[in-house]
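Asks: Okay, here's the structure, questions in a sec.
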Amino acid sequence: MFSRVLIANRGEIALRIIRACHELGVEAVVVHSEADRGAAYLESADGAICIGPAAAGKSYLNIPAIISAAEIADVDAIHPGYGFLAENAHFAEVCNECGITFIGPEPASMRQLGDKVAARNLAKKARVPCVPGSEGEIKDEAEAIKLANKIGYPIILKAAAGGGGRGMRVAHNDISLRKAFAAAKTEAEAAFKNGTLYLEKFILEPRHVEVQVMADKSGNAIHFYERDCTIQRRHQKLIEESPCPVLDEKTREELCKAALRLIKEAKYHNAATCEFLLDRDKNYYFIEVNTRIQVEHPVSELVTGQDLIKWQLKIASGQTLDLRQRDIRHSGCAMECRINAEDPARGFAPNPGRVQKFIVPGGPGVRVDTHMYQGAVISPYYDSMIAKLIVHQPTREETIATMKRALREFKIEPIKTTIPAHIKILSHSLFAKGTVDTSFIERHMGA
Ligand code: MV4
């Protein structure tokens, strides 16, 4: 195991990684920006190094500054958390070249899966169902129109370098496809410096279901079941849960095994999430792989009793995943509500400022992952997520009841948060039935 790890992240995930390090007897040094100077979570670390100004480009995305901090702190490894540099293959490469282990996959795996066209081809090779669509890149409008007429409208154009909903365009006929193609290409070139597009049939009213996977360097790969992340707003997940409330046992097992085939085909190591769309007939289609630990990983930790961050550290240090798939049992239901400092009355605009009151819920079945406290200042420079409220209970009904109770216990003032929105969603009969799709927020949560 490593002696000392540098955490190239901030906030709740930095604290989550510090805790995992300490449970493994590893020292944790954390980098921070000028805006995060004095933050409480830094006190839990064994060292804190300021790497630059508040703007992420000058601090949390500043590779030379982070590598310098790693050299000064004399760490063995760097954990990138999620966001920032977590899926930056160049950063992983620089770490490895400096003799510092990047806690995550090899740069080549990250590059391959970061290219959604390559990931799709890999999935097909592993006999993982993909959405009907193009074989590879769609070069021009004529090719797009030809294929769209073959598979049938509506279709969706996606950027090969995209993901998470950026650079996507839906088209319902030849005319809208021409416009969509030009717009998607321009957007992809501007956002990713890569205008490569591919085409898929547009799945109507899908659910978003993802499988948590972990693979070691000796060829062992294990899944930690699925998470349903259907409750989203503008591609921002709001609520995640496990199990997916509409999956039957047989489809669940098939889906999880498909994810494992893909990860093995990619010769992938460390934590990954395979994303799928689930249509109304319960068909699942692979869409993309995330090569990082995700925000919602605690949901899978609670239903399996495993510590995924500790597994990341163990695998990166060369240890084997000495677990058998049958040892990973799924128990009960877990759900996570993302508490964001946003004002629902202002279209969920970020709502930074000083937290005067911060009363955290607790009691049976409740986990709160946060770096916030009374008197803390929420910076306008970073993501607005300030806490994750995660509940685990035997049944979905009990989980929802505990979550509502915990949401009401959670007092954050005077900052506006997503807590009232969560109470509203959890009180909706469609959510209780579990028969929502990805348009739920837009359709049922208006004003
Ligand atoms: C799709 C789709 C329908 N058909 N692909 C959005 C995020 C990105 N990971 C993939 N996304 C979608 N891809 C096909 N072929 C619909 C979405 C989508 C969506 C997916 C999951 C959760 C919320 C969503 C909201 C809008 C669109």
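Asks: Mind counting the residues in the stretch 140-170 that are within 12 Å of the ligand (Cβ to nearest atom), outside any loop (DSSP other than H, G, I, E, B) and of a type in the set (A, V, I, L, M)?
Replies: Residues meeting the conditions: 6.
Asks: Restricting the stretch 231-261 to residues that are within 16 Å of the ligand (Cβ to nearest atom) and open to solvent by 50 Å² or more (accessible area, probe 1.4 Å), which is farthest from Met335 (Cα to Cα)?
Replies: My answer is Arg234.
Asks: Just checking, how many residues over the stretch 361-397 are acidic (Asp, Glu) and farther than 19 Å from Ser300 by Cβ?
Replies: Qualifying residue count for the region: 2.
Asks: While we're here: Could you run through the stretch 183-211 and say how many residues are over 21 Å from Glu143 (Cα atoms), more than 16 Å from the ligand (Cβ to nearest atom) and buried (at least 17 other Cβ atoms within 10 Å of the Cβ)?
Replies: Residues in the stretch 183-211 being over 21 Å from Glu143 (Cα atoms), more than 16 Å from the ligand (Cβ to nearest atom) and buried (at least 17 other Cβ atoms within 10 Å of the Cβ): 0 in total.
Asks: List every residue pair whose Cβ atoms lie under 7 Å apart, where the two residues are 6 or more positions apart in sequence or sit on different chains, the first residue falls within the stretch 111-139 and is more than 15 Å from the ligand (Cβ to nearest atom), and the second residue, located anywhere, is basic (Lys, Arg).
Replies: Ala126/Arg261; Arg127/Arg261
Asks: Looking at the stretch 28-50 only, could you name the residues that are crowded, with 19+ Cβ neighbours inside 10 Å and in a strand (DSSP E or B)?
Replies: Ala28, Val29, Val30, Val31, His32, Ser33, Ala48
Asks: Within the stretch 262-300, work out how many residues are open to solvent by 10 Å² or more (accessible area, probe 1.4 Å) and free of Cβ contacts under 8 Å to residues at least 60 places away in the same chain.
Replies: Here the count works out to 2.
The values are calculated or read from the model by the stated rules, or taken from the named source; none is laboratory data. Computed from a prediction, not measured in an experiment: that's the story for all the values here. So basically every Cβ, Gly included, is an ideal-geometry build from the backbone, and we count neighbours across all protein chains shown. Ligands, DNA and RNA are stripped out before the accessible areas are found, and what is left, the full protein with its side chains, is counted by its heavy atoms. Shrake-Rupley method; radii C 1.70, N 1.55, O 1.52, S 1.80 Å.
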